[in-house]
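Enquirer: Take this structure first; my questions come after.
The values are calculated or read from the model by the stated rules, or taken from the named source; none is laboratory data. Please read all numbers here as calculations on a predicted model, not as lab measurements. Here Cβ is always computed from backbone atoms with ideal geometry, including for glycine, and neighbour counts include all displayed protein chains.
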Amino acid sequence: MKIKLRDEEREFESGVTTLDIAKSISEGLARVAVCGKINGEELIDLNLPITEDCSLEIITNKSPEYAEVLRHSTAHVLAQAVKTIFPTAKLWVGPATKDGFYYDIDFKTPISNDDLPVIEDEMNKIIKANFDIVRKEVTKADAIKIMKENNEPYKVELIEGFDDHEMITTYTQGDYIEVCRGPHIKSTGMIKAFKLTKISGAYLKGDSKNKMLTRIYGVVFDKKSEMDEYFKNLEEAMKRDHRKLGKDLGIFMFDELIGRGLPVWLPKGFLLRRTLTDYIMNKELALGYKHVMTPSLGNINLYKTSGHWAHYQSSMFPAMEVEDEGYVLRPMNCPHHMVIFKAFQHSYRDLPLRIAEIANDFRYEASGTLVGLERVRAFSQNDCHIFCTPEQIKSEVEGVIKLILDVYKDFGFKNYKFRLSLRDVNNKDKYFGNDELWEKSEKALREILNANKVNYYEAVGEAAFYGPKIDVQVVSALGHDITLSTIQLDYQLPEKFELEYVDENNNKCRPVVIHRAVFGSLDRSIAFILEETKGNLPTWIAPVQVKVISVSEKSASYAEGVAKQLEIKGIRIELDNSDERIGYKIRSAQLEKVPYMFILGENEANSNKVSIRKRSGEEINNISLEEAYKMIKEDIDEKRISN
């Protein structure tokens, strides 16, 4: 049997293990080996026999794959600790995750976060005992018997779903036995630094119709220093969390009485939204976009025509019956815009036609997936549909890419990646249209990205159901990979709606549609802006640009006059003429992250001057109001990122 290693190809007897091969190379490698990786894909245990020709990589604690093995093994230690403390608990599954691990468990008596230190103490005992983690293959019948003896009904149900002739892998550490595919570390003592972080609810099998289990989350690292760094970064991320910033700054709120996933925009939040809306609409108007306003719901037949009813219904709210007709809250705006295009005759001279809208949309999201403004049930899209000829695709997509980059420059966005989102050819039922149109549109977008030297990566299965996309991906402070902007090429909806234009030869032709959203969801973009700036919004978009603060009652009248003059000049101001001490007023303005504070006392009132304290801490004393206004106006006009 031939096995290709990193630097050579060698022959071994059938049944050789990864550990045997590691020993044949060096005893040092055998000591640090954790598992094997077959053909660049499948991780296997050190002692699993290899019976076919393959390539093999020996995974050590220096390998990227080690983290996954360590995390999953620590989940088993968590389960063992829980079963020791809570013998009546029933286990479901405990996988490794991107950042750590979790285990879903059915507790007879509910537990809380206060129980986590007790579980950690038991886990430390298991780690200190350094139990060998022993792999064994058993029949399906034996696996079911073992799990029944251990009173694990969920595990029994899991095993019953396997093929009758399939061998089941068990792992034993001490007196704890688990059914699992593996692989795992050699012994529990290899776990050096871990922490249980929180608990939450999770439906059995992810189905809301099933019982709610308790999910215990944790993290694990190869070194304590790595764990310390993780929590330091996590603490910094929490300061950036838009949910905290939105509450602290009075931007938005949620309330169960109104409904989950339905954001309420407070006065400052509305000012922020209005500023962003005006900004992007003005950009679009300058580029020849035509803005419309369409209803937030539509007839079911509209979505049957578009294909959303067949391919997107699970993400839509249930239909409403009105006078024997069905209506739904719209999940997106393209069907409405298709109907607008179809309502009028078009010549090739009319194209490209760019129909844009700041539109309210609604999507059913399971409550467990809702995350602040990142994922909601009601949101606004900065949407547009460009109807063009096939010859115009390249220039129009390039124009949208340029617009996206211009906007990102204005906001100082730097950490983003372009993604070419493609159809999964192994799951064609998710999409409509024929292979020829899909291949044509995917090729077109790839060629445009390459021609413009855009650095991008490809993602199979991330296309819209009607066409491929160019997505711009960012990572939020919470570590979520989210789509900020998107460009989608669509040959399908023009066919569905039978759209036409007349070409130069007087022939009727199908237009191509480019779906594009620069801000994407306005809500999601605001979440990202809050996190990117830590709430220190640039002056030009800050809801309150200047806080006018009187030092005492003696300067209150002067402060009121200054505030009025700034307001007349178009500056967004708040006046603080309260009886609070000046130190308290300044501290409040700092917590509100206002870009400029005008601190006005008797000296300023008598000299008709102002004293400024910037958000950065810089102070400028006794300058004229006109000079101060000029400074702020330059900040706004030049769209400076910070002050």
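Enquirer: Can you list residue pairs whose Cβ atoms sit under 8 Å apart, with the first residue in region 434-456 being under 15 Å from TYR466 (Cα atoms) and the second being among the polar types (S, T, N, Q) and at pLDDT 85 or above? Count only pairs 6 or more apart in sequence or on different chains.
Expert: From residues that are under 15 Å from TYR466 (Cα atoms), the pairs are LEU437/GLN492.
Enquirer: Of a type in the set (Asp, Glu), crowded, with 21+ Cβ neighbours inside 10 Å, more than 21 Å from SER314 (Cα to Cα) and without any contact (Cβ under 8 Å) to a residue 60 or more places away in the chain, is that true of ASP471?
Expert: Yes, satisfied.
Enquirer: Here's another thing I want to ask about it. Read through the list (1) surrounded by fewer than 12 Cβ atoms within 10 Å (Cβ to Cβ); (2) assigned to a strand (DSSP E or B), then give the number of the only condition that ASN606 fails.
Expert: Evaluating ASN606 over (1) surrounded by fewer than 12 Cβ atoms within 10 Å (Cβ to Cβ); (2) assigned to a strand (DSSP E or B) leaves (2) as the failure.
For (1) out of contact with any strand residue (DSSP E or B) (no Cβ under 7 Å at 6 or more places or on another chain); (2) hydrophobic (A, V, I, L, M, F, W, C); (3) closer than 24 Å to MET147 by Cβ; (4) at pLDDT 90 or above, each residue gets a yes or a no:
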{"residue": "ILE38", "(1), (2), (3), (4)": "no, yes, no, yes"}
{"residue": "LEU78", "(1), (2), (3), (4)": "no, yes, yes, yes"}
{"residue": "THR84", "(1), (2), (3), (4)": "yes, no, yes, yes"}
{"residue": "GLY100", "(1), (2), (3), (4)": "no, no, no, yes"}
{"residue": "TYR103", "(1), (2), (3), (4)": "no, no, yes, yes"}
{"residue": "ILE111", "(1), (2), (3), (4)": "no, yes, yes, yes"}
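Enquirer: If we scan region 185-197, do we find a residue that is over 36 Å from the mean Cα position of the chain (by Cα) and either surrounded by fewer than 14 Cβ atoms within 10 Å (Cβ to Cβ) or not small (Gly, Ala, Ser) (or both)?
Expert: no
Enquirer: Of everything in region 381-399, what is at pLDDT below 95 and closer than 30 Å to GLU365 by Cβ? Give them in sequence order.
Expert: GLN381, ASN382, ASP383, VAL397, listed by residue number.
Enquirer: Applying the selection to region 367-402, what residues are under 21 Å from GLU495 (Cβ atoms) and in contact with a Lys or Arg (Cβ under 7 Å, 6 or more places away or on another chain)?
Expert: The answer is CYS384, ILE386.
Enquirer: How many residues are small (Gly, Ala, Ser), in contact with a helix residue (DSSP H, G or I) (Cβ under 6 Å, 6 or more places away or on another chain), farther than 20 Å from GLY399 by Cα and not in a loop (DSSP other than H, G, I, E, B) when one looks only at region 311-361?
Expert: Going through region 311-361 one residue at a time, the tally reaches 1.
Enquirer: Take LEU493 and tell me if it is within 27 Å of SER347 (Cα to Cα), modelled with pLDDT of 90 or more and not charged (D, E, K, R).
Expert: Taking the combined requirement at face value, the residue satisfies it.
Enquirer: Turning to a different aspect of this structure: Can you work out which of the residues in region 74-102 that are in contact with a Pro (Cβ under 9 Å, 6 or more places away or on another chain) and not aromatic (Phe, Trp, Tyr) is farthest from VAL34 (Cα to Cα)?
Expert: Taking the candidates together, the pick is LYS90.
Enquirer: Would you point out which residue out of THR109, THR139 is of a type in the set (S, T, N, Q), touching a residue at least 24 places away in the same chain (Cβ under 8 Å) and assigned by TED's automatic domain parsing to the domain that holds SER187?
Expert: Only one candidate qualifies: THR139.
Enquirer: Checking THR170 against (1) more than 18 Å from ARG71 (Cα to Cα); (2) among the β-branched types (Val, Ile, Thr); (3) surrounded by fewer than 19 Cβ atoms within 10 Å (Cβ to Cβ), which test does it fail?
Expert: It is condition (1) that THR170 fails.
Enquirer: In region 253-276, what count of residues is obtained for those that are part of a helix (DSSP H, G or I) and either of a type in the set (Lys, Arg) or not assigned by TED's automatic domain parsing to the domain that holds GLU365 (or both)?
Expert: Looking only at that region, the number is 3.
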